[in-house]
Every structure is written in C-alpha cells, then in structure tokens.
Amino acid sequence: MTEIWLIRHGETDWNRARRLQGWQDTPLNAHGVNQARRLAERLYEDARNGAFDALYSSDLQRTLHTAEPAAARLDLRVRPEPGLRERCYGVLEGVTMDRLDVEQPEAAAAWKSREPDRPLDGGETLRQFHNRIVATIDDIGERHGGGRVLVFTHGGVLDIVWRHAHGIPLTHARDAALLNAGVNRLAVENRKWHVMGWGDVTHIATLSADDIV
C-alpha cells in the first residue's frame with residue numbers, strides 16, 4: 001500500500017476572483033505564499049511520525065511554489081509531473097464564473113453538463129481529464145509501493161480523486177471539499193483507492209488573508 005498525501009496549491013488572485021485557471025500559469029498571491037509556509041512546517045512535524053519518500057508536483061507555478069517550501073524543509077527534490085495538472089478548460093480559462101454564460105455560452109454549457117465525452121472547445125473532455133489523473137496517481141502508487149508520497153496538485157484533480165475512490169460517477173455534482181493548501185490522504189494498493197483523511201486545514205485555520213509576512 002502506498003500512502004499518498006494530495007495537497008491543493010495555495011491561494012491565487014484568480015481563486016479569489018473566481019476565475020477559471022486550468023492550464024494558465026498563475027502565481028500564488030501573498031496569502032497563498034503564507035499558506036505554503038505554514039504547510040511546510042506542518043509537513044515537517046508530520047514527517048516525525050513517518051518520513052516522506054518523494055514529492056511530486058504539477059508543473060504549473062502555483063503548485064510548484066506551494067511545494068518548494070515543503071521540499072526544502074523535508075530535504076526532498078520536487079519532481080514536476082505534467083500529469084497532475086488541472087483540467088484544461090480551453091476557451092473558458094481566464095473567465096470569471098459569473099461571466100461564463102455571457103462570454104462563452106457553448107463551452108459553458110458543455111462544462112456545466114458534466115457529460116463525460118462532451119467536447120470542450122480547446123480543452124479536455126471530463127473523461128480525458130479523469131483518465132489522465134487516475135493513470136498518473138496509479139503510476140505514482142506503483143513507483144513507491146509501501147511508501148509515503150506528497151503530491152501537490154489542483155482542485156479539479158482532488159475532485160477526480162474523491163470520485164474515483166468512492167465510485168461516484170463523473171455526472172454527479174461535486175460534493176468534496178477542495179481547499180487551498182489542504183491535506184488529503186489517500187491509500188493506493190493494486191489500483192484500488194481508499195480515502196484516509198480529507199480537507200485538513202488545521203495548519204492554516206488561524207491564518208488570515210491580511211497576515212502578510
């Protein structure tokens with residue numbers, strides 16, 4: 001069994017503006033940088049009860065910059081993994097949630113439909129995204145059998161992980177917490193997934209967006 005700790009990147013200005021990011025390479029904002037620092041200290045303490053064997057990250061800067069403080073604290077190398085990227089939303093990227101129907105009505109309808117194979121202009125279908133994430137997580141699990149691994153990724157990826165572990169169809173509405181800098185623990189064995197813990201943000205619970213250091 002491989003224990004995989006999946007962590008969503010820290011906050012970005014696009015998160016705060018409710019703007020779809022997808023493959024756009026947006027940076028952390030100051031609050032997100034602080035979240036990454038707090039997270040690094042929390043993971044350092046967790047490692048006292050069992051070392052982490054490897055650290056993977058989506059190759060987008062918001063995840064890499066969330067991972068780097070933890071990697072430095074744990075003396076691990078960041079392994080960039082494009083397979084851990086957010087879903088590619090094509091023409092919807094950069095559009096705020098309240099403007100989707102106005103600016104890209106056809107693509108917005110495709111995205112909201114949750115039909116797994118419905119094309120999304122310039123982006124991935126939901127099934128393509130699902131298959132990419134499942135293959136990537138299974139591969140990491142097989143590479144580190146019996147180990148404990150950190151994976152820094154995105155909200156949409158966490159949604160797929162939650163669904164796959166619980167057997168929830170892609171057509172079902174989202175029902176999992178997808179929190180910035182939250183810790184989500186997954187057990188993977190023989191391509192079977194089990195959620196061990198989800199949405200832990202105790203390490204940043206007292207951190208305000210105004211606490212800029």
Report summary line: Output for Cβ contacts, cut-off 7 Å, separation at least six or different chains, first residue without any contact (Cβ under 8 Å) to a residue 12 or more places away in the chain and in a helix (DSSP H, G or I) in the range 96-114, second open to solvent by 60 Å² or more (accessible area, probe 1.4 Å) and basic (Lys, Arg), reads ALA110/ARG118
Requested in this report: Give the number of residues within the range 132-162 that are in a strand (DSSP E or B) and of a type in the set (Val, Ile, Thr).
Outcome: 3
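Filter the range 84-93 for residues that are open to solvent by less than 40 Å² (accessible area, probe 1.4 Å) and in contact with a helix residue (DSSP H, G or I) (Cβ under 8 Å, 6 or more places away or on another chain); which is nearest to GLY145 (Cα to Cα)?
As a first pass, look at the range 84-93 and keep what is open to solvent by less than 40 Å² (accessible area, probe 1.4 Å): 84, 86-90, 92-93.
With the extra rule that they be in contact with a helix residue (DSSP H, G or I) (Cβ under 8 Å, 6 or more places away or on another chain), the set shrinks to 84, 86-90, 92.
On the way: LEU84: 19, GLU86: 25, ARG87: 27, CYS88: 30, TYR89: 33, GLY90: 35, LEU92: 38 Å.
For the range 84-93, the residue satisfying everything is LEU84.
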Query raised in the report: Does THR206 satisfy the condition of being among the β-branched types (Val, Ile, Thr), open to solvent by 20 Å² or more (accessible area, probe 1.4 Å) and free of Cβ contacts under 8 Å to residues at least 12 places away in the same chain?
Result: yes
Report summary line: Out of (1) over 23 Å from ILE160 (Cα atoms); (2) aromatic (Phe, Trp, Tyr); (3) touching a residue at least 40 places away in the same chain (Cβ under 8 Å), the one TRP23 does not meet is (1)
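Those residues that are without any contact (Cβ under 8 Å) to a residue 24 or more places away in the chain, open to solvent by 40 Å² or more (accessible area, probe 1.4 Å) and assigned to a loop (DSSP other than H, G, I, E, B), I need them from the range 169-197; list them, please.
Filtering the range 169-197 down to residues without any contact (Cβ under 8 Å) to a residue 24 or more places away in the chain leaves 169, 174-177, 190, 192, 197.
This time we only want the ones that are open to solvent by 40 Å² or more (accessible area, probe 1.4 Å), so: 169, 174-175, 177, 190, 192.
Matches in the range 169-197: PRO169, ARG174, ASP175, ALA177, ASN190.
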**Report entry** PRO105 open to solvent by 30 Å² or more (accessible area, probe 1.4 Å) and in contact with a strand residue (DSSP E or B) (Cβ under 7 Å, 6 or more places away or on another chain)
**Finding:** no
Requested in this report: Hey, could you check the range 114-140 for residues that are among the polar types (S, T, N, Q) and open to solvent by 40 Å² or more (accessible area, probe 1.4 Å) and say which is nearest to TRP162 (Cα to Cα)?
Outcome: ASN131
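The values are calculated or read from the model by the stated rules, or taken from the named source; none is laboratory data. What you are looking at is a predicted structure, and each value in this text was computed from that prediction instead of being measured. Positions of Cβ are generated from backbone atoms using ideal geometry, with glycine treated the same way; all protein chains shown enter the neighbour counts. These accessible areas exclude ligands, DNA and RNA; they are computed on the full protein's heavy atoms, side chains included. Shrake-Rupley method; radii C 1.70, N 1.55, O 1.52, S 1.80 Å.
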